[in-house]
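Below is one structure, written out as structure tokens; comments come after it.
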Amino acid sequence: NSGVVSLLRPLLLDVVPSVRQTAALGLGRLADYNVDLAEAVVKAGILPQLVCSLPEENRYYKKTAAFVLRAIAKHSPQLAQAVVQCGALETLVICLEDFDPGVKEGASWAFDYIARQSPELSQAVVDAGAVPLLVLCIQEPEIALKRTAASTLSDISKHSPELAQTVVDAGAIAHLAQMIPNPDAKLKRQVLSALSQIAKHSVDLAELVVEAEIFPVVLTCLKDSDEYVKKNGATLIREIAKHSPELSQLIVNSGGVAAVIDCIGSCRGTVRLPGIMMLGYVAAHSENLSMAVIVSKGIPPLCACLIEEHEDHIKAAAAWALGQIGRHTAEHARHVAEANVLPTLLDIYVDTRSSEDLKMKASIFAKKSLKNILQKCTHLPALEPLLHDAPPSIMKHIIGQFSKVLPHDSKARRLFVTTGGLKKVQEIKAEPGSLLQEYINTINSCYPEEIVR
């Protein structure tokens, strides 16, 4: 408000280098503070001046100038575009080739804030020739430079398969994979994130990541003391598992499913989410893979997530994953039913206290999963408690399963009477001629008329 931006601008041309550098630092801190100040710096016409003089300046000024560019670019795609339009990318590429690691780090960081904003800006970074230089940066000894370069490669890769392919073509995967065991937690986070962003796009890219021999070493990340390393490790495994049964089988064979289940059991909150989804993807592919999740004792921690977690999207993911496990055969459904999951799913579905958002997400998945499991479940002891609470849309599926099993199982028929199940069936009002009425008629025909009365 006091016009400081326009007062700082001429100081960028001062004859004293330390004055130029400090003026740039002031502008960077202003631009960093919020979007309005960043726009004020751009409107003052400072960027062309800053970029033009950059190649001849000393390393301290270069670092500061890169800070100004990233401080502006971080706020929005429009401001990042303004940075690109003033010719900053070509100058930043020159900085990536500088002998000073701090200058390289500053340039890499600026590229990161530009690339993350949109696919078009990410493409501009690629077209400027930054990717091969960033791959060289992750091979430098300085940890801070490795971190920033890995983060930039991650943000370039995230937008599309084509952008991820440019990162792969520059030879990034092998160097990233070698850094998974690095003791620095912040570096590991970025490395795992970059590999996830590459693997997520297609089977081919996921296979290239796997071929870099990330298994079983990536499983150690699931036991890391850093929560983000755990989360990013589980995310990487999820992004690989989702593509094909073959990739999921490879994960199972390397002990990945058991490791993810342990990870879900040992943490809370959003850290669990990628692991929950990974189990769902693996189970969805085939009966055998679903059974591998069951044998590895994957159902109890997923059920625990339904009960312990308060976030609707985590409950929804757990409900979905349980549905994927239980939907294949009667055997799969029995394992889910015996873990007492069905009443919990039903509670989420009918809970009137849930937020509207929760009802929309978690209850939709709970309903779908219940239906998927019920269509296969012939384990009547687990189904019977649901008879007394289930809404009509679920009741039809439960009654349907009883009508399948009771005609062929005399022990089940006896239990169905003594536990009050048959009485409950008589109370159900079904439309004449409906499928539900047919099921009820089938059940009633299993018993003498006086017992039904």
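Here are a few things to note about the model shown:
- Restricting ALA241, ALA234, ALA283 to residues that are at negative phi, in contact with a Pro (Cβ under 6 Å, 6 or more places away or on another chain) and either open to solvent by less than 10 Å² (accessible area, probe 1.4 Å) or modelled with pLDDT of 95 or more (or both) narrows the list to ALA234.
- Residue selected from segment 405-414 under the condition among the charged types (D, E, K, R) and surrounded by fewer than 17 Cβ atoms within 10 Å (Cβ to Cβ), by the criterion nearest to CYS377 (Cα to Cα): ASP409
- Residues of segment 161-187 that are hydrophobic (A, V, I, L, M, F, W, C) and in a helix (DSSP H, G or I): LEU163, ALA164, VAL167, VAL168, ALA172, ILE173, ALA174, LEU176, ALA177, ALA185, LEU187.
- Residue in segment 334-346 that is open to solvent by less than 70 Å² (accessible area, probe 1.4 Å), farther than 23 Å from ALA284 by Cα and not in a helix (DSSP H, G or I) present: no
- A single entry from SER248, SER254, SER225, SER266 fulfils the requirement of being within 28 Å of LYS186 (Cα to Cα) and within 18 Å of the chain's Cα centre (by Cα): SER248.
- Selection of segment 23-51 for residues being within 26 Å of GLU97 (Cβ to Cβ) and surrounded by 13 or more Cβ atoms within 10 Å (Cβ to Cβ) yields ALA23, ALA24, LEU25, LEU27, GLY28, ALA31, ASP32, ILE46, LEU47, GLN49, LEU50, VAL51.
- Hits in segment 362-421 (condition: under 31 Å from the mean Cα position of the chain (by Cα) and free of Cβ contacts under 8 Å to residues at least 24 places away in the same chain): SER363
- Restricting segment 415-453 to residues that are among the basic types (Lys, Arg) and assigned to a helix (DSSP H, G or I), the residue that is least open to solvent (accessible area, probe 1.4 Å): LYS424
- From the list GLU90, GLU56, the one residue that fits, being within 21 Å of ASP14 (Cα to Cα) and open to solvent by 10 Å² or more (accessible area, probe 1.4 Å), is GLU56.
- Any hit, segment 218-240, residues being among the aromatic types (Phe, Trp, Tyr) and in a loop (DSSP other than H, G, I, E, B): no
- Scanning segment 302-313 for residues that are surrounded by fewer than 22 Cβ atoms within 10 Å (Cβ to Cβ) and either assigned to a loop (DSSP other than H, G, I, E, B) or at pLDDT 90 or above (or both) yields CYS303, ALA304, GLU309, HIS310, GLU311.
- Identity of the residue in segment 287-298, assigned to a helix (DSSP H, G or I) and open to solvent by 10 Å² or more (accessible area, probe 1.4 Å), that ends up nearest to GLY256 (Cα to Cα): ALA292
- Residues being among the β-branched types (Val, Ile, Thr) and free of Cβ contacts under 8 Å to residues at least 40 places away in the same chain are entirely absent from segment 103-121.
- Listed by first and then second residue, the pairs with beta-carbon distance under 7 Å, at least 6 apart or on different chains, first residue in segment 325-344 and of a type in the set (Ser, Thr, Tyr), second in a helix (DSSP H, G or I) and open to solvent by less than 10 Å² (accessible area, probe 1.4 Å), are THR344/LEU306.
- Residue check for ALA412: part of a loop (DSSP other than H, G, I, E, B), of a type outside the set (Lys, Arg) and in contact with a Leu (Cβ under 7 Å, 6 or more places away or on another chain): no
- Hits in segment 376-393 (condition: assigned to a helix (DSSP H, G or I) and under 19 Å from HIS332 (Cα atoms)): LEU380, PRO381, ALA382, LEU383, GLU384, LEU386
- Pair list, Cβ < 6 Å and 6+ apart or interchain, from segment 14-41 residues that are more than 11 Å from PHE67 (Cβ to Cβ) to residues that are assigned to a helix (DSSP H, G or I) and open to solvent by 60 Å² or more (accessible area, probe 1.4 Å): VAL19/LEU11; ALA23/LEU11
The values are calculated or read from the model by the stated rules, or taken from the named source; none is laboratory data. Everything numeric in this text was worked out from a predicted model, so none of it was measured. Virtual Cβ from ideal backbone geometry, glycine too; neighbours counted across all protein chains shown. Keep in mind that these areas ignore ligands, DNA and RNA; they rest on the heavy atoms of the full protein, side chains included. Shrake-Rupley method; radii C 1.70, N 1.55, O 1.52, S 1.80 Å.
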